[in-house]
1. Kindly provide log₁₀ I(q)/I(0) values, in the same order as q = 0.13, 0.21, 0.24, 0.26 Å⁻¹, from the Debye equation applied to equal alpha-carbon scatterers of region 181-261.
2. Which value in nm describes the separation of the simple spin-label points at residue 578 and residue 612, placed 7 Å from the Cα toward the beta carbon?
3. Classify region 108-170 as rounded, prolate or oblate from the Cα gyration tensor: take a ≥ b ≥ c as the square roots of its eigenvalues, call it rounded if a/c is under 1.5, otherwise prolate when a/b beats b/c and oblate if not.
4. Which of the residue pairs 470/548; 2/191; 2/262 have a Cα-Cα distance greater than 28 Å in the structure shown?
5. Provide the net charge surrounding residue 242, with neighbours chosen by a C-beta distance below 14 Å and charges set as Lys +1, Arg +1, Asp -1, Glu -1.
6. Taking just the alpha-carbon atoms of the chain, what radius of gyration and Dmax come out, in angstrom?
7. What percent does the relative contact order of the chain come to when contacts are Cα pairs within less than 8 Å and at least six residues apart?
8. Of 498/559; 277/397; 16/108, which ones are farther than 25 Å apart at the Cα?
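What follows is calculated from the coordinates using simple rules that are stated; it is not laboratory data. Just so you know, these numbers come straight off a predicted model, no measurement behind them. Virtual Cβ from ideal backbone geometry, glycine too; neighbours counted across all protein chains shown.
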Amino acid sequence: MKRIVIGTAGHIDHGKTTLIKAITGIDCDRLKEEKERGITTELGFAHYKFGEDLLVGIVDVPGHEKFVRHMVAGAWGIDMVLLVVAADEGVMPQTREHLDICELLGLKRGIVAITKTDLVDNDMVELVREDIKDFLSGRSLEGAPIVPVSSATGENITLLKDLIEGAAKETDERSREGIFRLPVDRIFTLKGFGTIVTGTCISGCINVGDEVEIYPFNRYAKVRNIQAYHKDVGEAIAGQRIALNIQGIEKHDIERGVVIGKPGTLSPSRRIDATLKYLALPLKPIKNNSILRFHIATMQEEARLVLLDSDAIEPGEERFVQFVFSQPLVMLTGDRYILRGPYAIQTVGGGKVLDILPGRHKRQSEGLSGIYALLMHGSDADKAEYHLLKAGHGGLKRELFFMLLGKKEGGVDHTIQTLYEKNKVRIIGKTVVHSKKFTEYKEILVRLINDYYAKNPLKVGMSREELRMKLPQVEPQVFLAALEECIQEGAVVTEKDKVIAKGKRGTQNEDIERFKQVVLKRLYQYGFTPPGLKELSSELNKNEQHIKDILESLVFDGKVIKIKGDMYFHRDIIEDLKKMVVAYLTQKKEMTPSDFKSTLDLSRKYMIPLLEYLDEIKLTIRVGDKRVLRS
């Protein structure tokens, strides 16, 4: 069954809610206050089934200027608009503002209903019809069907239904593929069920039992039940009005405006690149750094406007801009937004999201026009390459491409494969890195190793982990791939855990080699009680760092054994120790610390570290306060 969502638009008291009831039999005014005042203050929802092949959901929006935020929330997920104009008043201020909003949201299909025809004569109806035609001239709904109706008498209601059915059949259904998103417009609880959220599913699909994330709050829940148009379903798909009964979160933990999605599939933004069309209104220019109200989906937030190519934007102009938000918002590239004045008095413009993770642009710089042209008109491959270069050495996780390109999985895979075949990218696990940035990363790696050796000629090399931490931050698998290529290309070599500059291993001068032998001789002479770094430094008349570098080099070569607490022993001394302990335990079966101390005539300073070392190398095992040989 095809599913389409229609939204009403029009001035307050022009009969939108009454018209929906005449079409569907459903009263969208559910609140006591709405019924008492006779006006809609919240979003209302209805649906109508045309045969077995078409189900139309209808979103009823408030017409009062105070509730335009709710109107924007309702209009954001619709596929076509039903513009309502009362025959006794004609086109009014909210008629104009609502149509502006629909156009800014990219809605191009709709029907116009002239309501309350029972209150006027035919001549007045025709005057209103001509007024509407003039109003729509040159606009997105120019040429849309205009039908006079009366909800009171039923005049032309059947004709209006036929027009809705025809337009809905010609409207493309939203794809069930892509990222699941449900912008929440209502939250409530039911006894025995818990928290329920409602909204229009604008993309993707969701099933009972799925885990979901509440963005941007980083909270998680599980879908317990799904209703679509008041019927339990196992799966909900794009284009449906749905209610999710979610477990694991309370009503007070979330709020209207959040987006329900699958875990890890959306990325909240604090800064975006976008287009901005300033409506041709009799208003002052908007200056750079102005604070405005930004509406997207069911969310509203304050935003600072950064005009990238000018100091002000005039009414009627369209510009490349950035928005900086006081709180993170959830959106995808290609989404449309509405902009209202700082006190939410009037809609001033809107546009399209171009980049949800941009950097800070230098205002009025030369490259901005090229970026704008690419984000507006570039191919998916060009855009992907731009985002990868912007991401730097770390590249991008594959999931981020869905958000940045606003594409489905298959389209993203094709784009990445196209770049790979042109040698533009490296695919490393789930991460994609631009080839240029990967080459730069390898160059930095080699340079770091060479600089390290130049500054530390006595050291064998840098440990892999130390090297990784000194490099630009990337996923571990990207680091390993780069290191492996550097080794294959002969730029560096590795021994054990050390990364060494090419040709530097084993090239120390004769003086250093002679000094190593001096150190080895001293350690052998001290036996089981070697001096610390400070004492050895004083004795050999070298600074402590120099002595430590020499000792670490000897450790790497396997000629010195380092034991916890920065104790360095000659390898032969440790071998002698192992033989003595094995001989003792073979005969005595067990050894206490005092046995060990008296056998070797050691102080506690050396005794404890040596005993623990023997345990670490699995020669002995501690049983109570005694040691025995490991079997």
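1. Ignoring solvent entirely, the Cα scatterers give -0.31, -0.88, -1.20, -1.46.
2. With each label placed 7 Å out from Cα toward Cβ, I get 2.1 nm.
3. Note, shape of region 108-170 comes out oblate.
4. Too far apart for the 28 Å limit: 2/191.
5. Residues near residue 242 contribute +4 overall.
6. Spelled out, the Cα radius of gyration and Dmax of the chain are 36.3, 121 Å.
7. Relative contact order of the chain: 8 percent.
8. 277/397
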